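Participant: After the structure tokens below, expect a handful of questions from me.
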Amino acid sequence: MLMNNTLKKLLDLQNLDKEIIEIQREKNNVIKKLRDEQICYQQAADDQFSKKENKNQMEIDKKKLELDVEDAELKIKHLEGNQKLVKKNDAYQALSKEIKAAQEAKVKAEEDLANHIQQTEENSVDLEKGKTQVDEIKKDLLKKADEVKVQLLEIQGKSKRYKLIRKDVVKEINDKYISAYNNLYEKRAPKIIVQANNSMCGGCHISLPAQIIADIMSLNDGDALVTCKNCGRILYIENNEALAG
Ligand SMILES: [Zn+2]
């Protein structure tokens, strides 16, 4: 093995951090999925609320249309009454015209009312359908929220375990390397410790000088580390094949 103990421990640390990042990503995904479902439910519920409001408005409009029909009927009766009283032919003709217009207005008002009633019935079916859908979405959402609760508990447990292991690994590494690792972590996570294959830095892919390779090869003793002069990452060589390849 072409690596010293510090390097091995740092690699363990890097692998743990990769797992911890993965766990965090998993947690975020689970939460995001549930949030998306909540948004879907909210949209459906808002839609349903608008439909209900529309229904109330349509009931008000219906009363108004019924009054229009009544008004038209009254107007016709009134004009017919007047017509019985007039003596002159031209006045009679004029009232006939007015009655005809009032009758047409009544027919129109009755049509409007009939159309409105039909629309109300259609909306009512739609409203019922919507209610069933919203109820189903809500049921699904509550079920998923329960599942997510369990998932998050598992993730939390896993995260705790990894963080405990991480603490133990950190304890075994010299503080100065931990702070070097942490500095690199901020800039380069998750690739902090990289292989130097084919005399190239596995992080930034720059060609490494022969001296750097020689330094890595002699890492068997002590806790010294070799870093890439370009990106600052910690370098290692897994085995001779990798070096030869
Ligand atoms: Zn590099």
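The values are calculated or read from the model by the stated rules, or taken from the named source; none is laboratory data. Computed from a prediction, not measured in an experiment: that's the story for all the values here. Counting neighbours? That spans all protein chains shown, and the Cβs are built from the backbone with ideal geometry, glycine included.
Participant: Going by what's in this entry, would residue 12 be described as in contact with a His (Cβ under 7 Å, 6 or more places away or on another chain) and outside the structural domain of residue 233 (by TED's automatic domain parsing)?
Facilitator: no
Participant: Moving to a separate point now. Looking at (1) modelled with pLDDT of 95 or more; (2) loosely packed, with under 14 Cβ neighbours inside 10 Å, which is the one condition that is false for residue 166?
Facilitator: Condition (2) is where residue 166 drops out.
Participant: Could you say whether any residue in the range 46-55 is touching a helix residue (DSSP H, G or I) at 6+ places or on another chain (Cβ under 6 Å), farther than 18 Å from residue 116 by Cβ and assigned by TED's automatic domain parsing to the domain that holds residue 158?
Facilitator: Scanning the range 46-55, I find at least one residue that is touching a helix residue (DSSP H, G or I) at 6+ places or on another chain (Cβ under 6 Å), farther than 18 Å from residue 116 by Cβ and assigned by TED's automatic domain parsing to the domain that holds residue 158, so the answer is yes.
Participant: Select, from 192, 137, 155, the only residue that is under 30 Å from residue 32 (Cα atoms), under 33 Å from the mean Cα position of the chain (by Cα) and within 14 Å of the ligand (Cβ to nearest atom). Full working, then the answer.
Facilitator: Working: 137 fails: within 14 Å of the ligand (Cβ to nearest atom); 155 fails: within 14 Å of the ligand (Cβ to nearest atom).
Sole residue among the options that is under 30 Å from residue 32 (Cα atoms), under 33 Å from the mean Cα position of the chain (by Cα) and within 14 Å of the ligand (Cβ to nearest atom): 192.
Participant: Report yes if residue 214 is within 16 Å of the ligand (Cβ to nearest atom), among the aliphatic types (A, V, I, L, M) and within 18 Å of residue 7 (Cβ to Cβ), otherwise no. So that I can check it myself, show each step before the final result.
Facilitator: On the way: within 16 Å of the ligand (Cβ to nearest atom): no; among the aliphatic types (A, V, I, L, M): yes; within 18 Å of residue 7 (Cβ to Cβ): yes.
Judged against the criteria, residue 214 is not a match.
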